[in-house]
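First the structure, in the form of structure tokens, and then the observations on it.
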Amino acid sequence: MASERLPSRPACLLVASGAAEGVSAPSFLHCFTLASSAFNLQVVTPGGKAMDFVDVDESNARWVQDFRLKAYASPAKLESIDEPICAVGHGVAALCSATNDDGSWVFQGYSVTGPSVYELIRAPGFARLPLVVEDFVKDAGASFSASEPDAMHVVLDRHLVTGQNASSTVPAVHSLLFLCGSR
């Protein structure tokens, strides 16, 4: 598997959700595969909670099984990170738990994207979502933007790259590569 720890590679963090709804295996696999060619990767989740993968099928089941055995698959705590961060789709919700000592949101004043309200409403389980990213971001003092539902949309602000949905995975990772290359 890619992303064995190599000293010559810069480190990169992948933000994943620790939510009960799980992490999309195809989207995470794509993101991980792209980023692992250039970085030593570490996964972060709110509180360091383990990831539960969803949408696992015969095309990715073996990869998911192998991934779980690697040291970098044990998530670090999102709240302790100050390096470049990339979150896509529902993974952006993981950023909402990152707060400063005074309780303010770490990304207050940033520009962010994530799943649009329209995209969320179409999904089963909308009424059970613990939060709506768009509402949280605006209430916490940041700017939120979204494109058409299911369209590719990425926002880069300082050390944070966010993607609206799974269609945004590739350009989000490319933006992360650009960001890390410019440091």
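What follows draws every value from the coordinates through simple rules; no lab data is involved. Predicted model only: the values in this text are computed from it and were never measured. All Cβ positions, even for glycine, are placed from backbone atoms using ideal geometry, and neighbour counts span all protein chains on display.
Extension gain for Gln65-Asp150 works out to 27.7 nm (0.36 nm per residue, less the C-alpha to C-alpha distance). Annotation: amide H-H contacts under 5 Å for Val44 (H modelled 1.01 Å from N, sequence separation of 5 or more, or interchain): Leu14, Val15, Ala16, Ala76.
Report the gain in length on full extension from Leu129 to Val170: 0.36 nm times residue separation, minus Cα-Cα distance, nm rounded to one decimal.
Full-extension gain reported as 12.2 nm.
Any chance you could run the full-extension gain for Glu21 through Asp157? It's 0.36 nm times the residue separation minus the Cα-Cα distance, nm to one decimal.
Gain in length upon complete extension: 46.2 nm.
Each residue, Asn100 and Ser80, gets one label point 7 Å from its Cα in the Cβ direction; the gap between the two is 2.1 nm. For the peptides 22-30, 94-102, the ranking by mean Cβ contacts within 10 Å, running from highest to lowest, is 22-30, 94-102. Ranked by the mean number of other Cβ atoms within 10 Å per residue, highest first, peptides 77-90, 125-138 order as 77-90, 125-138. With R₀ set to 30 Å, the beta-carbon distance separating Lys49 from Val117 gives a calculated FRET efficiency near 0.75. How many percent of DSSP beta bridges within segment 55-177 run antiparallel, rounded to 5? Antiparallel bridges make up about 45 percent of those DSSP assigns within segment 55-177. Remark on Val54: its backbone amide H falls under 5 Å from those of Val23, Ser24, Ala25, a criterion applied only to residues 5 or more positions apart or on other chains, H modelled at 1.01 Å from N.
Helix-only arithmetic for the chain: the sum of -39500 (n - 2.57) across DSSP H runs with n ≥ 4, divided by the residue total, places the mean residue ellipticity at 222 nm at -7000 deg cm²/dmol.
The H on the amide N of Ile85, modeled in the peptide plane, is under 5 Å from the matching H of Leu160, Val161, each at least 5 residues off or on a different chain.
From the largest down, segment 52-111 spans 44, 23, 18 angstrom on the principal axes of its Cα atoms.
Taking only the Cα atoms of segment 15-73, the ratio Rg/Rh comes out at 0.93, with Rh defined as the Kirkwood radius. The per residue volume of the convex hull around the alpha-carbon atoms of the chain is 114 Å³.
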